[in-house]
Amino acid sequence: MRLQKIIRLVYIPHCMIGLLVLIWLSTPIRAQIISQYIETESGTSPKGIELWNNTDDVLDFSLFPLRVLKGTNGGSLRLDFELTEGTLAPAEVIVIGTSDMQLSADWNEAPFYRENFTFNGDDALAISYGDSITDRFGLEGSDPGTHWSESGVSTSNSNIALKFGILTGDESGWTDPSLRFQTLSIHPNQDVQQSVLEGLGVPPTSSKVLIDEGWKLLSLPSKESRLSDISDDILIQGVPGSEYPNSTSNVYLFDELGEWSTPVHTDSIIPEGLGIALYQFGSVSNSSSYVQTILDLTGFENTQNVQVPLHRGAPNRFTLVGNPYPSFFDPQYLSINEGAIQNTIVTWNPQLNLYELNNITEGFWIAPWEAFWVETSDALVDSLLFPSIGKQSGLFPAQQTRAKSVDKTRINFSLSTDEIIDRALSLVFHEEAAMGWDTFDATKLLPMNTSQGFMAFWNNEHMHSVVALPHQLSAITYLPLEIKVFDRSKEFKLSWEGTETLHEYTRILLHDSRDSSHISIRDQDSITFKLDSLSQETRHRFSLSIHPHDASKITQNEETSLTSGFHLDQNYPNPFNPETTIRYSISQSSYVKIEVYNTKGQRVATLQDSNQQIGSHQIQWNATGFASGIYILRLTTNEGVQSKKMLLIK
């Protein structure tokens, strides 16, 4: 990806145009630098260099010859190689060296020029384009003896490459190679025996992303990336090696241990494919100006598959992973070694400051620099694989049709006031979904900022962001809707979209237990509500009832009787200490008895014993004075009996 150049028009007197043309012809662009250097023990091979066009222009060697100059053992520079034909496109590389380097260059589709170089680790090199030197390797006139070496980087018997963030050549030379280079491997002759020299023929990657104030979930899209690679663009604090190491950190990792942690050091390598949470500060002057920053990362692109350890050992565990490539990635290629992950991945929308749900089977792209959450389906899965075949070319690659077309319906819910608070909630009907937990469901991931509130389905004793059901239901299904909001002064709006895709005879009712009212979600697309004076939440105030296709045969009078259905919800919280809430619904006026039993079958409490009207109801049980343990909650009405287990822990 390359930013367009800004062209500034200025007035030039006619008398100066000829002079400017002569200056342009005699002063070629500083154009290429050594991006990789391979040297093996004296008298052996491979030996060679990779040159990178670090400009936005095509280099034409027929106009301005490429020359490699060598200063042997501290001697003056002499011509060692010259190229007077061909071109080099912007951001591309060429490889010049011994014949055993050609396979690597061909493998990575880089132009190769054979040259039996004889340089050793104590020989300086210089690169020129025309008559201008564009880069120096080592220091001419200085003899280090056998090689230059510092901080684990050596010019002898090594395969070394430009460090991340090095974008230009060095015209003065150096005696410390670690200032500009990092070690890819030692004993390059062993790499040759494995057929491919690491990194050779792969251009250094320069990738940019624009971010603004607030939290971001990012993935650094190059090999062996470090926070120091972006700290020149953005303030990093609270991490050893940062400008303010003793301040509160603004960058965190969430790893396979399931823990948020601060990076060990700004120079510590962030594992490829692992995401980071990064906070971009606003203006220090407290002005209202809009803060934007361009993060720029230069390094070597991951050309191989990338495997990322996951937070494993049980289902419903999340790991923050990220696109390891500087190109779009198609998540349908994601794979795991054993077990499974959920089909839903969760991304962060920094403009709206909320999570969004994406299904890996439904055709979307993970952008460069983008991190996201994956959830385990079972205890078997332990790692996630980003295969390189999933990389997509182009700025915005065309969407592809999935191999298997499925019959699905998705109803998306949104909670808002004057702005959207949460929209990561979906009810899905899918031809392959089953009742209960499967890979089409998803656990609710709480927002990074819960101060305004959130919503979730409460199903099978878990908060869900996605509940998936089969199209054919055998009975009415109930879904309590948990909504937490914290501002009684505001009016909240719960809205939904996607009902046009519902089966013709599928009926979904939204119930409000405050007044026992209900609506069909086909008839309107939203409701508004405010908090009462008794509560700062509406935990199970709302619920959905999903009626099977044959519900179309129900008469209007019968429909009224289905306002809430007969259902006992799991108490919440559970386990609890000492108080818990019990919610239940009845579809007709009835005598209601709610009792609590211990595991010996002895009744220990009666919570309700009276006639009640149709609708949803709730009561609390305060278990102060009761011993820790399992208790049985029993609901008895004219419609039948239902029971739930409760766990009291003190």
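The values are calculated or read from the model by the stated rules, or taken from the named source; none is laboratory data. Only a predicted model underlies this, so the values are computations on that prediction, with no experimental measurement involved. Quick reminder, even Gly has a Cβ in these numbers, built from the backbone with ideal geometry, and neighbours come from all protein chains shown.
Scanning segment 487-499 for residues being more than 16 Å from Ile521 (Cβ to Cβ) and in a strand (DSSP E or B) gives a total of 1. In segment 570-586, the residues that are farther than 24 Å from Ser516 by Cβ reach residues that are buried (at least 17 other Cβ atoms within 10 Å of the Cβ) with C-beta atoms within less than 6 angstrom, at least six apart or across chains, in these pairs: Asn574/Met646; Pro578/Ala623. The single condition among (1) among the aliphatic types (A, V, I, L, M); (2) buried (at least 16 other Cβ atoms within 10 Å of the Cβ); (3) more than 17 Å from Asn571 (Cα to Cα) that Ala627 does not satisfy is (2). Scanning for something within 24 Å of Val264 (Cβ to Cβ) and part of a loop (DSSP other than H, G, I, E, B), does segment 131-147 turn up at least one residue? No, segment 131-147 has no match at all.
Looking across Ser104, Ser76, one residue alone is assigned to a loop (DSSP other than H, G, I, E, B) and not aliphatic (A, V, I, L, M). It is Ser76. Taking the criterion of being surrounded by fewer than 21 Cβ atoms within 10 Å (Cβ to Cβ) and closer than 12 Å to Thr298 by Cβ, the residues of segment 206-223 that qualify are Ser206, Ser207, Lys208. Take the conditions in contact with a helix residue (DSSP H, G or I) (Cβ under 7 Å, 6 or more places away or on another chain) and either modelled with pLDDT of 85 or more or in a loop (DSSP other than H, G, I, E, B) (or both) and apply them to His503. Does it pass? Here the answer is yes, as His503 does meet what is asked.
Limited to segment 631-649, what total is found for residues that are surrounded by 12 or more Cβ atoms within 10 Å (Cβ to Cβ) and under 48 Å from the mean Cα position of the chain (by Cα)?
Of the residues in segment 631-649, 12 are surrounded by 12 or more Cβ atoms within 10 Å (Cβ to Cβ) and under 48 Å from the mean Cα position of the chain (by Cα).
Do any strands (runs of 3 or more DSSP E) entirely within segment 170-276 hold 2 or more residues that are under 20 Å from the mean Cα position of the chain (by Cα), and if so, which? Give the steps one after another, and end with the answer.
Values: elements: 181-186, 204-212, 214-218, 251-254.
Result: 204-212, 214-218, 251-254.
If you take the residues of segment 563-602 that are farther than 30 Å from Ile521 by Cα and among the basic types (Lys, Arg), which of them is modelled with the highest pLDDT? Ranking the candidates gives Lys593 first.
Conditions tested, residue by residue: (1) small (Gly, Ala, Ser); (2) modelled with pLDDT of 90 or more; (3) within 17 Å of Leu320 (Cβ to Cβ).
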site: Ser207; (1), (2), (3): yes, no, no
site: Asp212; (1), (2), (3): no, no, no
site: Trp215; (1), (2), (3): no, no, yes
site: Ile234; (1), (2), (3): no, no, no
site: Gln237; (1), (2), (3): no, yes, no
site: Tyr244; (1), (2), (3): no, yes, no
site: Leu257; (1), (2), (3): no, no, yes
site: Pro271; (1), (2), (3): no, yes, yes
site: Gln292; (1), (2), (3): no, no, no
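May I ask you to verify whether Asn611 is modelled with pLDDT of 80 or more and farther than 27 Å from Leu425 by Cα? Before the answer, list the steps.
Values: modelled with pLDDT of 80 or more: yes; farther than 27 Å from Leu425 by Cα: yes.
In short, yes.
Within segment 352-393, if we keep just the residues that are part of a loop (DSSP other than H, G, I, E, B) and free of Cβ contacts under 8 Å to residues at least 40 places away in the same chain, the residue that is farthest from the chain's Cα centre (by Cα) turns out to be Gly363. Scanning segment 116-131 for residues that are under 18 Å from Thr155 (Cβ atoms) and in contact (Cβ under 8 Å) with a residue 60 or more places away in the chain yields Phe117, Thr118, Phe119, Asn120, Gly121, Leu125, Ile127.
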